[in-house]
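Where a number appears in this text, it was derived from the coordinates with a stated rule and is not lab data. Being a predicted model, the structure only gives us computed values, none of them experimental. Counting neighbours? That spans all protein chains shown, and the Cβs are built from the backbone with ideal geometry, glycine included.
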Amino acid sequence: MITAGGIDEVRRLIGEAKKAGKTIGFVPTMGALHEGHLSLVRRAKSECDYVAVSVFVNPTQFGEGEDLDKYPRDIEKDSAMLSAEGTDLLFFPTTDDMYPDGFDTWVVPGGPASILEGERRPGHFKGVCTVVLKLFQIVSPDKAFFGQKDAQQFTVLNRMVIDLNLALQMIECPIVREADGLAMSSRNAYLNSKERKAAVIFNQAITRGAEIIKDGNSTRDQVITEISKVLSKEPLARLDYAEIVNAEDFSVIEKPRGVVYILIAGFIGGTRLIDNIKLKIEK
Ligand code: PAF
């Protein structure tokens with residue numbers, strides 16, 4: 001694995017790989033890697049000839065009072081994990097590389113970015129879209145791999161790729177879970193052992209939601225009420241939102257039909273976690 005020193009070096013290495021006829025797979029991350037990230041790398045390796053991974057804690061997607069400063073960082077460990085997976089290129093830019101003095105051009109997403117995470121975290125998706133477009137411009141991948149855990153992020157970025165005519169394929173990869181069902185997340189590292197045990201309630205709540213939605217007769221309100229009921233059993237957990245959206249465009253669905261995400265966001269102590277289940281309602 002080569003760790004690239006800067007944007008020019010990434011462009012040169014990717015250029016050489018393309019000249020050799022290789023397809024480029026790209027996994028953008030903020031580091032603090034876990035099995036979820038590694039599953040994206042493995043998928044990229046299975047579908048592409050050359051795999052690039054970026055590690056960049058993007059300051060513009062964190063709001064006031066969010067966890068930018070304490071976000072876990074361990075580039076040595078990340079680098080060893082990526083190398084063991086056979087990653088070809090690690091891009092580890094500095095904030096100055098990505099946002100040099102005078103930087104002032106932004107991608108401002110509409111539609112699916114306006115609700116839920118977008119509403120609660122103003123400017124978050126503007127920061128995500130801007131950095132991901134910049135990374136796409138630097139790496140010029142044929143395929144980019146993202147986790148379903150951030151389903152709204154995937155939908156917003158997919159919209160950006162379509163709207164801006166980017167010549168790459170977006171791939172959404174399944175959520176990787178701990179043995180008890182908790183979705184893997186770099187932010188799980190914030191949980192103490194009591195909180196860690198309690199955090200499984202988010203998955204249990206949406207799993208219950210999925211059970212009752214499958215019959216095709218339940219309304220959004222009924223499913224959300226049931227999810228809230230399950231969550232209220234865990235005193236350490238606090239619900240931010242539960243929602244049912246169309247998987248294509250993230251519009252809220254009153255009578256769930258077709259392919260949907262059942263989404264949940266909430267707090268365990270001071271830690272905010274999100275999770276979701278994607279499923280098809282046949283009826
Ligand atoms: O999902 C993430 O880790 C980040 O939002 C991303 C896509 C790497 C952009 O900073």
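What the table below lists for this structure:
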{"read-out": "HN-Hα J in Hz across the stretch 51-64 - Karplus 6.51, -1.76, 1.60, θ = phi - 60°, x for Gly and Pro", "value": "10, 10, 10, 9, 10, 8, 7, 7, x, 6, 9, 9, x, 3"}
{"read-out": "Amide H contacts of LEU182 (H built 1.01 Å from N, under 5 Å, at least 5 apart or other chain)", "value": "none"}
{"read-out": "Cross-link pairs beyond the 29 Å C-alpha cut-off, checked among LYS143/LYS214; LYS126/LYS278; LYS134/LYS280", "value": "LYS143/LYS214; LYS134/LYS280"}
{"read-out": "Gained length - THR219 relative to SER251, 0.36 nm times residue gap less alpha-carbon distance", "value": "10.0 nm"}
{"read-out": "Relative contact order, percent, the chain [alpha-carbon distance under 8 Å, six or more residues apart]", "value": "17"}
{"read-out": "Acute angle (nearest 10 degrees) that the helix 151-163 long axis makes with the longest principal axis of the chain, alpha-carbon atoms", "value": "50"}
{"read-out": "Separation of alpha-carbon centers, the stretch 231-247 and the stretch 108-137, rounded to whole Å", "value": "22"}
{"read-out": "Average Cα contact separation per residue, the stretch 89-158, under 8 Å, 6 or more apart, as relative contact order %", "value": "35"}
{"read-out": "Using θ = phi - 60° and Karplus 6.51 cos²θ - 1.76 cosθ + 1.60, couplings along the stretch 237-247 (whole Hz; Gly, Pro as x)", "value": "9, 10, 7, 8, 8, 10, 8, 10, 10, 5, 5"}
{"read-out": "All-pairs Cα distance distribution in the stretch 120-196, expressed in whole percent, bin size 10 Å", "value": "16, 42, 28, 13, 2"}
{"read-out": "Residue-wise HN-Hα coupling along the stretch 180-186, computed from phi with Karplus coefficients 6.51, -1.76, 1.60 (Hz; x: Gly, Pro)", "value": "8, x, 4, 5, 5, 7, 4"}
{"read-out": "The stretch 167-244 shape via C-alpha gyration tensor axes, a/c threshold 1.5", "value": "oblate"}
{"read-out": "Rotationally averaged projected area of the stretch 205-283 (alpha carbon convex hull; nm²)", "value": "4.7"}
{"read-out": "Helical mean residue ellipticity (222 nm; -39500 (n - 2.57) per DSSP H run of 4+; nearest 500) of the chain", "value": "-11000 deg cm²/dmol"}
{"read-out": "Residues of type aspartates and glutamates that LYS255 reaches as a straight line, Cα spacing below 19 Å, ignoring anything fewer than 8 places off in the same chain", "value": "GLU211, ASP215, ASP221, GLU226, GLU243, GLU282"}
{"read-out": "Packing-based exposure ordering (other Cβ within 10 Å, fewest first) of LYS77, LYS19", "value": "LYS19, LYS77"}
{"read-out": "Sorted by Cβ density within 10 Å, fewest first, the residues THR219, THR105", "value": "THR105, THR219"}
{"read-out": "Rounded to 10°, Cα long-axis angle of helix 7-19 versus longest principal axis of the chain", "value": "90"}
{"read-out": "Three-way shape call for the stretch 1-107 based on the alpha-carbon gyration tensor, with the a/c threshold at 1.5", "value": "oblate"}
{"read-out": "0 to 90° range, to nearest 10: angle between helix 35-47 axis and the chain longest Cα axis", "value": "60"}
{"read-out": "Added length on full extension, which subtracts the Cα-Cα distance from 0.36 nm per residue, MET1 to LYS278", "value": "96.3 nm"}
{"read-out": "Summed side-chain charge close to PHE56 - residues other than PHE56 whose Cβ falls under 12 Å, Lys, Arg +1, Asp, Glu -1", "value": "-1"}
{"read-out": "Translational D in µm²/s for the chain (Stokes-Einstein at 10 °C, 1.306 mPa s, Kirkwood Rh from C-alpha pairs)", "value": "80"}
{"read-out": "Furthest towards positive pole of dipole, VAL128, ALA144, ASN203, structure part the stretch 128-283, Cβ charges", "value": "ASN203"}
{"read-out": "Cα gyration tensor category, rounded, prolate or oblate, for the stretch 221-266 with a/c compared to 1.5", "value": "prolate"}
{"read-out": "Over the stretch 17-160, relative contact order from alpha-carbon pairs under 8 Å, at least 6 apart, %", "value": "32"}
{"read-out": "Calculated log₁₀ intensity ratio I(q)/I(0) where the Debye formula runs over C-alpha points of the stretch 136-283, q = 0.15, 0.17 Å⁻¹", "value": "-0.80, -0.97"}
